[in-house]
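The values are calculated or read from the model by the stated rules, or taken from the named source; none is laboratory data. No experiment lies behind these values; they were computed from the predicted model shown. Don't worry about glycine lacking a Cβ; one is built from the backbone with ideal geometry, like all the others, and counts go over all protein chains shown.
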Amino acid sequence: MNILLVGSGGREHALCWKLAQSPQVAKVFAAPGNPGIAEHATCVDLAVTDHAAVAVFCATNAIDLVVIGPEAPLVDGLADSLRGHGIAVFGPSAKAAQLEGSKGFTKALCDRADIPTARYVRASHIAEARAALAGFGLPVVIKADGLAAGKGVIIAETLEEAEDAIGHMFAGGFGEAGAEVVIEEFMRGEEVSFFAITDGSAIVALGSAQDHKRVGEGDTGPNTGGMGAYSPARVLTPALEAEVMARIIAPTVATLAAEGMAYSGVLFAGLMLTDQGPKLIEYNCRFGDPECQVLMMRLESDLAALLLATAEGRLAECATPRFSDDVALTVVMAATGYPGAPAKGGAIVLGDTGAAKVFHAGTALKGEALVANGGRVLNVTATGATVTAARNAAYAAVDAIDFPTGFCRRDIGWREVAREER
Ligand code: AMP
Ligand code: GLY
């Protein structure tokens, strides 16, 4: 089969690397791709906001499957447009992608399907939002309803901070995303990510991962897209995973299907393991970045067959994906300045990174030379029998990379490393 992969980050490099290993795959195109992706695919300059142009590209190049990596084209309805042309797509419709595109949509779904989540109030006016604060303790969580590049969540420690956050959102601080806000009870516990693939009826678990969102060691400093991850996250025990499937994932899939917006693609659930059991923090309608990188390192079976079966509504007939028992861990190397304005153009020499896999997240070629071209630049990914072993292998590879304008956290996996040392 021929595949068109949409996206240009480390997530898409990991997907592309795995898709290209499938004996069923003839050719992979990536729009726009990056220099790492270009090792496995033909990178094409295609405006993915122009749905008609993407459909023409698919027809011209005999594309059998389109895999959409990031959330923006999904929320924008690219999957719907291509399906309208009879093209198989891995990724949800715009309606189903509201799970990520609107926090209020997801909270209301949780009510209808009795899914455990934080207590909340939706507000579309500043006065309404401020009045709702009285119903919550501190800290309180204030969220812009729409897509805000991971920045639209504020955990307010004081009433003043909460009032300011609400004011900022309704003043357009997050653009259209803040036209409505969700105010939520603060949940305590350990966070974990869980991934499942569904075609709207069958559901297959892909397993767990734990991300490190803050830029600094010890989980300090501003939030980022993710500075590193590992999988599986053993804190999500098999019993808890079964509970998540039964109480969160299955009711989500069933309710959306019953309401005429069946979800097809990967469901990425952000969970809080509270003392009352796992609760949903949020959904994303795509693979996590960098969580995808560690899932792909552990996936032993054919990714292309799995994604095509999902896209064609045949997931129940597809063999259950097989994952290695090994742990995979990825360290994000970012450009100085990230998550603010990153230094662009810094030289990178990869060196001997051994068995580790270096996924490109934000790189470019300047002549023959590899340079940084984004905030998150490289995802250095390794496996091992334990998180400690995978971490040591990943940092050995990091140390073999010469990237003077880059930095990384040195403590990825710290929670689990501490548990392993006990
Ligand atoms: P989100 O964009 O919804 O994933 O939120 C970003 C981060 O804010 C999450 O990864 C959590 O760390 C935190 N967060 C969001 N909602 C809550 C909540 N209700 N209670 C505690 N932490 C939360
Ligand atoms: N790493 C978190 C995300 O992809 O949203």
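Listing for the model above:
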{"quantity": "Condition broken by Tyr230, with the remaining ones in (1) hydroxyl-bearing (Ser, Thr, Tyr); (2) within 16 Å of ligand 2 (Cβ to nearest atom); (3) part of a loop (DSSP other than H, G, I, E, B) satisfied", "calculated": "(3)"}
{"quantity": "Residue satisfying condition, being in a helix (DSSP H, G or I) and either more than 16 Å from ligand 1 (Cβ to nearest atom) or in contact (Cβ under 8 Å) with a residue 12 or more places away in the chain (or both), within set Leu308, Leu273", "calculated": "Leu308"}
{"quantity": "Filter result (in contact (Cβ under 8 Å) with a residue 24 or more places away in the chain, of a type in the set (D, E, K, R) and more than 16 Å from ligand 2 (Cβ to nearest atom)) within segment 115-156", "calculated": "Arg119, Arg122, Arg130, Asp145"}
{"quantity": "Boolean, Ser201 is away from ligand 1 (no atom under 15 Å from the Cβ), of a type in the set (S, T, N, Q) and more than 22 Å from His360 (Cα to Cα)", "calculated": "yes"}
{"quantity": "Answer residue from segment 152-186, given it is part of a helix (DSSP H, G or I) and within 14 Å of ligand 1 (Cβ to nearest atom) and is nearest to Val140 (Cα to Cα) among those", "calculated": "Ala162"}
{"quantity": "Flag for Ala254 being part of a loop (DSSP other than H, G, I, E, B) and either touching a residue at least 12 places away in the same chain (Cβ under 8 Å) or within 16 Å of ligand 2 (Cβ to nearest atom) (or both)", "calculated": "no"}
{"quantity": "Residue within segment 382-399 that is modelled with pLDDT of 95 or more, in a helix (DSSP H, G or I), among the charged types (D, E, K, R) and surrounded by fewer than 16 Cβ atoms within 10 Å (Cβ to Cβ) present", "calculated": "yes"}
{"quantity": "Sole exception among (1) farther than 26 Å from Lys143 by Cβ; (2) not in a loop (DSSP other than H, G, I, E, B) for Ile248, by number", "calculated": "(1)"}
{"quantity": "Breaking point among (1) in contact with a strand residue (DSSP E or B) (Cβ under 7 Å, 6 or more places away or on another chain); (2) surrounded by 22 or more Cβ atoms within 10 Å (Cβ to Cβ); (3) outside any helix (DSSP H, G or I), for Asp289", "calculated": "(1)"}
{"quantity": "From Ile87, Ile142, residue being in contact with a helix residue (DSSP H, G or I) (Cβ under 7 Å, 6 or more places away or on another chain) and surrounded by fewer than 22 Cβ atoms within 10 Å (Cβ to Cβ)", "calculated": "Ile87"}
{"quantity": "Qualifying residue in segment 100-117 (condition: of a type outside the set (D, E, K, R), more than 27 Å from the chain's Cα centre (by Cα) and crowded, with 21+ Cβ neighbours inside 10 Å)", "calculated": "no"}
